[in-house]
Amino acid sequence: MRIAVVYDVLRWEEKDIISNIRSLGHEPVPIHVTSFYLDPYSNTQYMNLDVVIQRCVSLFRAIETTVFFESLGIPIVNKLEVLMVTGDKLHTTMKLIANNIPTPRTLIAMSREAAVNAAKKLGFPVVVKPIIGSWGRMIAKVNDEDALNSILELREHLQAPYHRIHYIQEYIEKPGRDIRVFTVGNEIPAAIYRISNYWKTNTALGGRAECVKVCDELRDLVLKAAEAVGGGYLGIDVLEDPSRGYLINEVNGVTEYKNTVRVCKVNISELIIKYAIEVGKK
Amino acid sequence: MCGTPVNVPDDVLPGELIEHEECGALLEVYQDGGNTFALRRAEGISEDWGE
């Protein structure tokens, strides 16, 4: 099969996918989206692709290139619906709530005044997040109303309009870690604890990865969350609440897994490719 | 950026980031129209970057 890898920045994951496509006896077609323009009127160069694996690090590039390939009728993983849901934290939360999946209590506010009222309703401390973004960037733990007003004032002066949409979440007292679970279709190839003394446990911020065995309860919950956002290959972040147990925090639609492969010794790229091949055959 | 030559691996792919040994500038390999590779200053992390 001819399997395209659509990307903008070549990270470890994209190199590993390209290498594994070759090892599996297929032909990789790397498509570096900022090297070329996409021409919907002259699309013959893409019509011999069997499937596309979406790997853009930029959410908007990922969405727009997925629109392009899906519109040409070329199967792509993850599909547009999944990127749209996972790329927007509110969209993800609404899908989780609609499917009765436990998640930290979250309120949405479109103004500073409404945000303050929302935080009071939840009770301090709260976590304020942009609806778009990743790697723990611009996420703030806010301990009181004064600090919240400072954060909101700062956000009001940022350029992107989505910074005026305040995603406010209860603060969960984590046991110094969270869990990143990977799903590929209906399989869970690996999961890691992300361990940190800091309240943000992202490995991008220095959180330490440690392989973890997934119990049946967590497996069922994570697969239910994966189905709720549309399936595909995903990185699902889970919090352990002292009283309520597992809570699904976030779902990542173009997930990174270098550290997971390193500690769990699982070939996630190969599993993604095999999943993409099955999607391409349908 | 400093004008001195850059060592590029033989198996380089577009989108790969290369740090200049002399000046530390972060450069991105890209495909310049046809089959020619070129270098440009890598873009910084944007707000929509992530997983």
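The values are calculated or read from the model by the stated rules, or taken from the named source; none is laboratory data. Predicted model, so just to flag it, every value in this text is computed and none were measured. Because the Cβ atoms are built from the backbone with ideal geometry, glycine has one as well, and the counts that use them run over all protein chains shown. For the accessible areas, the whole protein counts, side chains as well, though only heavy atoms, and no ligand, DNA or RNA atoms are used. Shrake-Rupley method; radii C 1.70, N 1.55, O 1.52, S 1.80 Å.
Can you return the lysines within cross-link range of A:LYS89? Criterion is Cα-Cα under 24 Å, with same-chain partners fewer than 8 residues away left out.
A:LYS79, A:LYS120, A:LYS121, A:LYS129, A:LYS141, A:LYS174, A:LYS200, A:LYS224, A:LYS258
Considering only the other residues whose Cβ falls under 13 Å of the Cβ of A:ILE3, what net charge follows from Lys and Arg at +1 and Asp and Glu at -1? All intermediate terms of the calculation are to be shown ahead of the outcome.
Numbers: positive: A:ARG2, A:ARG22, A:ARG55, A:LYS274, A:LYS281; negative: A:GLU14, A:GLU27, A:ASP50, A:GLU270, A:GLU278.
So the environment of A:ILE3 carries a net charge of 0.
Among the lysines, which fall within straight-line cross-link reach of A:LYS213, defined as a Cα-Cα distance under 16 Å, with same-chain neighbours fewer than 8 residues apart omitted?
Excluding near neighbours in sequence, the set is A:LYS265.
Ignoring everything except DSSP H segments at least 4 long, calculate the 222 nm mean residue ellipticity for chain A; use -39,500 (n - 2.57) per segment, divide by total residues, nearest 500.
Rounded to the nearest 500, it is -11000 deg cm²/dmol.
Place a +1 charge on the Cβ of each Lys and Arg in the protein assembly as shown and a -1 charge on the Cβ of each Asp and Glu, then give the dipole magnitude about the Cα centre in debye, rounded to the nearest 20. Intermediate values should be presented prior to the final figure.
Numbers: 36 positive and 45 negative charges, 160 e Å.
The dipole magnitude comes to about 760 debye.
With a Förster radius of 51 Å, plug the Cβ-Cβ distance of A:LYS224 and B:GLU22 into 1/(1 + (r/R0)^6) and report the FRET value to the nearest 0.05.
It comes out at approximately 0.45.
Where the accessible area of the stretch A:203-243 is counted over protein heavy atoms with a 1.4 Å probe, how much of it, in %, is carbon and sulfur? All intermediate terms of the calculation are to be shown ahead of the outcome.
Working: 890 of 1910 Å².
Taking all protein chains in place, the stretch A:203-243 shows 47 percent carbon and sulfur surface.
Calculate one ³J(HN,Hα) per residue across the stretch A:234-249 by plugging θ = phi - 60° into the Karplus curve 6.51 cos²θ - 1.76 cosθ + 1.60, and present them in order as whole Hz with x for glycine and proline.
Along the stretch A:234-249, the couplings run 9, x, 10, 9, 10, 9, 9, 7, x, 9, 9, x, 6, 10, 7, 9 Hz.
Using 20 Å as the cut-off for backbone N distance, which residues of the stretch A:204-235 belong to the label zone defined by a point 7 Å from the Cα of A:LYS141 along Cα→Cβ?
The answer is A:204-210.
Determine ³J(HN,Hα), in whole Hz, for all residues of the stretch A:151-157 in sequence, where each value follows from phi through the Karplus function 6.51 cos²θ - 1.76 cosθ + 1.60 and θ = phi - 60°; x replaces Gly and Pro.
Per-residue couplings from phi come out as 4, 5, 4, 4, 5, 5, 9 Hz.
About its Cα centre, how strong a charge dipole does the stretch A:106-210 have in debye, to the nearest 20, once Lys and Arg get +1 and Asp and Glu get -1 at the Cβ?
240 debye
Pick from A:THR203, A:THR260, A:THR92 the residue whose mean-square fluctuation is largest in a GNM of chain A, springs joining Cα atoms under 10 Å.
Of A:THR203, A:THR260, A:THR92, the most mobile in the Gaussian network model is A:THR203.
Expressed as a whole percent, how much of the Cα-Cα distance distribution for the stretch A:40-139 exceeds 17 Å? Don't skip to the end; give the middle numbers.
Working: 3137 of 4950 pairs.
So the pairs more than 17 Å apart make up 63 percent of the total in the stretch A:40-139.
With everything on Cα atoms, drop me the angle between helix A:89-98 and the longest principal axis of chain A, reported from 0 to 90° to the nearest 10.
Helix A:89-98 sits roughly 90 degrees off the main axis of chain A.
Report which residues of the stretch A:27-54 become buried by 30 Å² or more of accessible surface when going from the isolated chain to the complete set of protein chains (1.4 Å probe; DNA, RNA and ligands ignored).
A:HIS32, A:THR34, A:SER35, A:PHE36
Ignoring any ligand, DNA or RNA, what whole percent of the accessible area of the stretch A:2-85 comes from carbon and sulfur when the probe is 1.4 angstrom?
The nonpolar share, carbon plus sulfur, comes to 54 percent.
Using DSSP to call loops (not H, G, I, E or B), can you name the chymotrypsin sites (Phe, Trp or Tyr not before Pro) in the stretch A:225-282 whose Cβ has at most 13 other Cβ atoms within 10 angstrom?
Listed in order of number, the matching sites amount to none.
Which whole-angstrom value gives the distance between the alpha carbon centres of the stretch A:237-282 and the stretch A:137-216?
16 Å
Where does helix A:268-281 land angle-wise versus the long Cα axis of chain A, in degrees 0 to 90, nearest 10?
Helix A:268-281 and the main axis of chain A meet at about 60 degrees.
Which whole-Hz couplings ³J(HN,Hα) result when phi for each residue of the stretch B:35-51 is put into the Karplus expression 6.51 cos²θ - 1.76 cosθ + 1.60, θ = phi - 60°, listed in order with x for Gly and Pro?
9, 8, 9, 9, 10, 9, 5, 5, 6, x, 5, 8, 4, 8, 7, x, 9
Report the equivalent ellipsoid semi-axes for the protein assembly as shown in whole Å, largest first, defined as the square roots of five times the eigenvalues of the gyration tensor built from alpha carbon atoms.
In descending order the semi-axes read 34, 24, 20 Å.
Please report Rg (one decimal) and Dmax (integer) in Å for the Cα set of the stretch A:156-217.
15.6, 46
With only Lys, Arg, Asp and Glu charged, each at its Cβ (+1 for the first two, -1 for the last two), find how big the charge dipole of the stretch A:1-139 is about the Cα centre; round to the nearest 20 debye.
760 debye
Enumerate the whole-percent occupancy of each 5 Å bin, from 0 to the last occupied one, for all C-alpha pair distances of the stretch A:115-155.
Cα pair-distance distribution for the stretch A:115-155, in percent: 6, 25, 34, 21, 12, 1.
Would you list A:HIS26, A:HIS91 from the most to the least accessible area, probe 1.4 Å?
The most accessible residue leads, giving A:HIS91, A:HIS26.
For A:TYR246, which sequence-distant residues (separation of 5 or more, or a different chain) have an amide H within less than 5 Å of its own amide H, given hydrogens modelled in the peptide plane?
A:ASP241
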